[in-house]
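Everything below concerns the one structure shown next.
The values are calculated or read from the model by the stated rules, or taken from the named source; none is laboratory data. If you're wondering where the values come from, they're calculated on a predicted model, not measured in any experiment. Using ideal geometry, Cβ is built from the backbone for each residue, glycine included, and neighbour counts are taken over all protein chains shown. The area values use the complete protein model at the heavy-atom level, side chains included, leaving out ligands, DNA and RNA. Shrake-Rupley method; radii C 1.70, N 1.55, O 1.52, S 1.80 Å.
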Amino acid sequence: MQSTSNLRVIRLFSVGGLVFFIFVLVLEQIFHYVCLILVHPFSNLMLISPFLYAVYGSLAAGLFEETGRLLAFKTLLKKENDKSTPLIVGLGHGLTEAILITIIPLIVRFGIQGFLDTKGTIIVLFERLCAISIHIALSVFVFIRAKKYNRYFYLLAVLLHAVVDFPVALAQRDVLPLIIVEVYIFIAACVMSLLARLFYNKYLSKSEIEIQQTTYDEN
């Protein structure tokens, strides 16, 4: 019984990581290449306007990642109705992002000892912990959408994701100092975690989700 439970956790965690890999590192990067790298009026506009670049980048991140989560819950995890599901999937998504986007690049650049001795390591890891908590919260919103058929929770997840990423995109264009962005992400993580807990207790209060039957077209 315990081995079955462990296998389930590994599966859910892996699906979260797979969503990040496919929808962020593959599909979103292809989309960015078309919109930003290829030369055309839109890409030129993104180059000269940090604000529009931030709007584009934050919305793209929200759409790709939350759509990936929704598709995973509706297909690969269609039969997963336990309320722990979004927590594990969000953890898998967030940890995979932290390892592939932050930890491995820093270790490659500075080496393991250099990474541990780098003054900014604690700040970076703290920021990643905030990001992981945000991914868990967003997974709760999308899971509610997938199981309760409430469309607004998917839209809420996309919007909140974009709101979190907007100042990050501005910082990439040197419009905002990094310290302000770090404080902002911490506050966002706290607010979104509180919202997720509120909705979690309201909609996912039972161990097994009672899926509401609806009569309207989900599409």
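A few points about this structure:
- Mean projection area, nm², convex hull over Cα of the stretch 1-128: 10.6
- Farthest toward positive dipole pole in the chain [+1 Lys/Arg, -1 Asp/Glu at C-beta], among V124, Q29, A196: A196
- Solvent-accessible ranking of R109, R128, largest area first, probe 1.4 Å: R109, R128
- J(HN,Hα) series, the stretch 11-26, from Karplus relation 6.51 cos²θ - 1.76 cosθ + 1.60, nearest Hz, glycine and proline x: 5, 5, 4, 5, 4, x, x, 5, 4, 4, 4, 6, 7, 9, 7, 10
- Shape class for the stretch 147-204, computed from the alpha carbon gyration tensor (a ≥ b ≥ c): oblate, with a/c not under 1.5 and a/b at or below b/c.
- Placing unit charges on each Cβ (+1 for Lys and Arg, -1 for Asp and Glu) gives the chain a dipole about its Cα centre, and among V19, Y184, S84 the Cα reaching farthest toward its positive end belongs to S84.
- Rounded, prolate or oblate (a/c below 1.5 giving rounded, otherwise prolate when a/b exceeds b/c) for the stretch 127-172 by Cα gyration tensor: oblate
- Between F186 and Q172, the simple spin-label model (points 7 angstrom out along Cα→Cβ) gives 2.4 nm.
- A dipole drawn for the chain from +1 and -1 charges on Cβ atoms has a positive end, and of G114, I136, H40 the residue lying farthest that way is I136.
- Residue order for F21, F13 - accessible surface, 1.4 angstrom probe, largest first: F21, F13
- Sequence-distant residues sharing a close amide H with D82 (under 5 Å, placed H): I209
- Entry note, the chain: relative contact order of 29 percent, from Cα contacts under 8 Å with a spacing of 6+ residues.
- The residues neighbouring E65, those whose beta-carbon lies less than 11 Å from its own, together hold a net charge of -3 under the Lys/Arg +1, Asp/Glu -1 convention.
- ³J(HN,Hα), Karplus 6.51/-1.76/1.60, whole Hz, each residue of the stretch 127-140, x for Gly, Pro: 5, 5, 5, 5, 5, 5, 5, 5, 5, 5, 4, 4, 5, 5
- Magnitude of the charge dipole for the stretch 81-150, about its Cα centre and with charges confined to Cβ atoms of Lys, Arg (+1) and Asp, Glu (-1), is about 260 debye.
- Semi-axis lengths, largest first, of the ellipsoid equivalent to the chain are 30, 22, 17 Å, with √(5λ) applied to each eigenvalue of the Cα gyration tensor.
- For a modelled paramagnetic label at I122, 7 Å from Cα along Cα-to-Cβ, the residues of the stretch 167-183 in reach, with backbone nitrogen under 19 Å, are 178-183.
- Relative to the Cα centre, the charge distribution of the chain, modelled as +1 at Lys and Arg Cβ and -1 at Asp and Glu Cβ, gives a dipole magnitude of about 540 debye.
- Dipole magnitude (debye, nearest 20) for the stretch 44-91, charges at Cβ of Lys, Arg, Asp, Glu: 180
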